[in-house]
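The values are calculated or read from the model by the stated rules, or taken from the named source; none is laboratory data. Predicted, not measured: the structure shown is a model, and the values here were computed from it. Neighbour counts are summed over all protein chains in view; Cβ atoms, including those assigned to glycine, are modelled from backbone coordinates with ideal geometry.
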Amino acid sequence: MDPFQPRPDSLPAVVPVFPLTGALLLPGGRLPLNIFEPRYRAMIEAALAAGRLQAMALPDPGFPRVAGRSTMQKIACLGRISSFSETEDGRYLVTLRGLLRFRMAEELPDDPAGFRRVRADFAPYLADLAPPAEAPLDRPALLAALRPYFAARRIEADWSAIERAPAAMLVTNLCMLCPFGDAEKQALLEAPDPAARAAMLVALLRLEAAGPTQGRAS
């Protein structure tokens, strides 16, 4: 059992949230972040002082930015800072390990330091805290969809490592790393279970193999 995995009864009611286009965090995944804005450096410092927990959310591409702020998707993912370092020019280099998803019950006033905070409802997603199970995966179908997708985007890959990777880790990493649009990434986040996420990933790879993914500003 992971000694750093939080218990359901220890999850915070209020979490700081970093809304970031293109940055998908999934349970079990690891997301590197380069933090340089003062408000987000303050967010990292607050998280380090309070269990190392912070959330990532994708902006909702269906809404324009208002006064410089994006509208966040209502389903997001809580992560734990698993590594942290400082640079000489004042940046924080952070890796977040995804823990579990949650629904935003409400957005609260910004922290005095300027970062955003929400009241989190973890109840629908507590199963994300369970040890990852190997989801059924049609690996030949995934590889058949992945090869033309990578070729179309000139993405180089270590195919032997991909073929050896455990199914759950492979699906999580591909969902997070492939340059899908924010709407597609959100759909992967909201997939009801790992098997559904794997099937959705294969479908997206097949759909987008013919041309580059269109980015979505938020």
Residue set Ala105, Ala55, Ala23; condition among the hydrophobic types (A, V, I, L, M, F, W, C) and more than 22 Å from Pro132 (Cβ to Cβ); output residue Ala105
Determine the pairs where a residue that is more than 16 Å from Met43 (Cα to Cα), located within the range 100-113, has a partner that is acidic (Asp, Glu) with Cβ atoms under 7 Å apart, the partner being 6 or more residues away or on another chain. Leu100/Asp128; Arg101/Asp128; Phe102/Asp121; Arg103/Asp121; Ala105/Asp121
Sort through Arg39, Arg80 and tell me the only one that's under 19 Å from the mean Cα position of the chain (by Cα), within 18 Å of Arg117 (Cα to Cα) and either assigned to a loop (DSSP other than H, G, I, E, B) or not aliphatic (A, V, I, L, M) (or both). Arg80
Return the residues of the range 23-38 that are surrounded by 15 or more Cβ atoms within 10 Å (Cβ to Cβ) and more than 23 Å from Asp193 (Cβ to Cβ); say none if nothing qualifies. Leu33, Ile35
Among what's in the range 58-75 and is without any contact (Cβ under 8 Å) to a residue 60 or more places away in the chain and either touching a His at 6+ places or on another chain (Cβ under 6 Å) or not in a loop (DSSP other than H, G, I, E, B) (or both), pick the residue that is surrounded by the fewest Cβ atoms within 10 Å (Cβ to Cβ). Val66
When only residues in the range 109-164 that are outside any loop (DSSP other than H, G, I, E, B) and among the basic types (Lys, Arg) count, which is surrounded by the most Cβ atoms within 10 Å (Cβ to Cβ)? Arg116
Kindly establish whether Gly28 is modelled with pLDDT under 95 and within 11 Å of the chain's Cα centre (by Cα). yes
Would you check if there is a residue in the range 90-103 being assigned by TED's automatic domain parsing to the domain that holds Ala42 and in a loop (DSSP other than H, G, I, E, B)? yes
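Yes or no: Pro194 loosely packed, with under 15 Cβ neighbours inside 10 Å and either assigned by TED's automatic domain parsing to the domain that holds Pro16 or in contact with a helix residue (DSSP H, G or I) (Cβ under 7 Å, 6 or more places away or on another chain) (or both)? Can you show your working first?
On the way: loosely packed, with under 15 Cβ neighbours inside 10 Å: no; either assigned by TED's automatic domain parsing to the domain that holds Pro16 or in contact with a helix residue (DSSP H, G or I) (Cβ under 7 Å, 6 or more places away or on another chain) (or both): yes.
No; evaluated as a whole, the condition is false for this residue.
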Based on this model, can you work out whether Arg153 counts as among the charged types (D, E, K, R), within 22 Å of the chain's Cα centre (by Cα) and not assigned by TED's automatic domain parsing to the domain that holds Gly68? yes
